[in-house]
Each structure stands twice: as structure tokens, then as C-alpha cells.
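Written out below as C-alpha cells is the structure these notes cover.
Just so you know, all these numbers are worked out from the coordinates, no wet-lab data involved. A quick note: this is a predicted structure, and the numbers were derived from the prediction, not measured. Every residue, glycine as well, gets a Cβ built from its backbone with ideal geometry; the counts of neighbours run over all protein chains shown.
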Amino acid sequence: GVLEGGLSDAESALIFDDRPEKESGYEFEEGAQLGSARTVSVCPATDRPLLRGERVDPAKRAFTYVDENNCIGCTQCAQVARNTFFMEDDNGRARAYSQNGDTEDVVQEAVDCCPVSCIHPVTLDELKFAEKAREGEVINNKSRLVGGSYTAEEKGGTPWMQVLAKRVKEGTMDGILGF
């Protein structure tokens, strides 16, 4: 049969078998560089990414990325959308660990309650790029309330600034903040 979102039972079984547990208190490996892009499955029939069980245009900014360099660690997003965000232990900043964790409305509520607007909509390619750029990042916790990174200058800016620069270069920048 066909399920909601146009997926067959077989496609659904392929998609959701490798999904992380959808519950708060998800167990993480200590010190792991977790990337939420790993939670995005691909529809075997169309080769399109799937978000909450539905096919997504790969060019659509349907995925969520936290700019950890500007996060102040208030925990609001992790309290609202517990199956999507968690507080990263090393730097005390929020991180998206699952793109399929909460409903779109719950994720949007978490985005709306962020006091520094550091949660951004991105494409799947931008998500993979930013999460890869984040690896090895050393955030300056002494300048916690004003952002800052010890390694950002060496890498050509924070991962989020690199995504914005890429959008400018590709001509895909929408509006002044890149949304």
C-alpha cells in the first residue's frame, strides 16, 4: 500500500529502519562529532532526500542547522524540540542531532524562541557542508555571549558564514540574512 506522503510500505521500511530513536535522552557517544545529516534518508525510487517521511526537493531549505558560534547556550531549542536539538557537551551550544525528530511546527517553535536567531534553514548539501566544516571547530567559550571561534579565521569564517558565502557565489542568496 501507499502511505501518507506517497511512500510505499517497502520504501517506508527502508527509510525508517536506520533512523535514530525518536525520544528525548538519546544516548550519544562521548565526544562524538554528531551530524544530523546522517539522519536524512534518501528515497530509493527517486533518489530524493526524505524529511519526516516525505520527499523533499534537494534545493529546498527544509533542513535545520544551528550556528554554534553564535549560540549562547540558552537551551530553549533543546527544551522545545527535544527530539531534534541537544546541548553539545564540549561547548555547551545547541546542535541539531536529528532532522526527523520533531514535527515541523515544533521545530519552528524552537527556532522562534531562539533569542539570538542562530538556527537556520538550509538545503541538504548546505547541511552536509556546514557539519563537515564544523568538525574540529574550537569555540571560544570565554566570548560566549558574543560568539567567537579560535579556528574560524583559519578556515575562512564560521561554518554558517561559509554557507552564506557559498550562497552569494552561487547566486542563491535570498534576502539580507540569506533565508
Inset, instruction - Could you go through region 35-41 in sequence order and give the Karplus-derived ³J(HN,Hα) for each residue, using 6.51 cos²θ - 1.76 cosθ + 1.60 with θ = phi - 60°, rounded to whole Hz, and x for Gly and Pro? - result: x, 6, 4, 5, 8, 8, 8
Inset, instruction - Treat each spin label as a single point 7 Å out from the Cα along the C-beta direction, and report the Arg52 to Thr103 distance in nm. - result: 0.8
Inset, instruction - Quote the convex hull volume per residue of region 67-143, based on C-alpha atoms, as a whole number of Å³. - result: 85
Inset, instruction - Starting at the first residue of region 90-104, write each ³J(HN,Hα) from the Karplus equation 6.51 cos²θ - 1.76 cosθ + 1.60 with θ = phi - 60°, in whole Hz, x for Gly and Pro. - result: 4, 10, x, 10, 6, 8, 7, 10, 9, 7, 10, x, 10, 5, 4
Inset, instruction - Compute the signed sum of charges (Lys and Arg +1, Asp and Glu -1) over the other residues within less than 15 Å, Cβ to Cβ, of Lys169. - result: -2
Inset, instruction - Hey, can you grab everything whose amide H is under 5 Å from the amide H of Leu51? Only 5+ residues off in sequence or another chain; H modelled, so Pro and N-termini drop out. - result: Val56
Legend entry - Separation of the Met87 and Ala59 label points, Cα + 7 Å toward Cβ, nm: 4.1
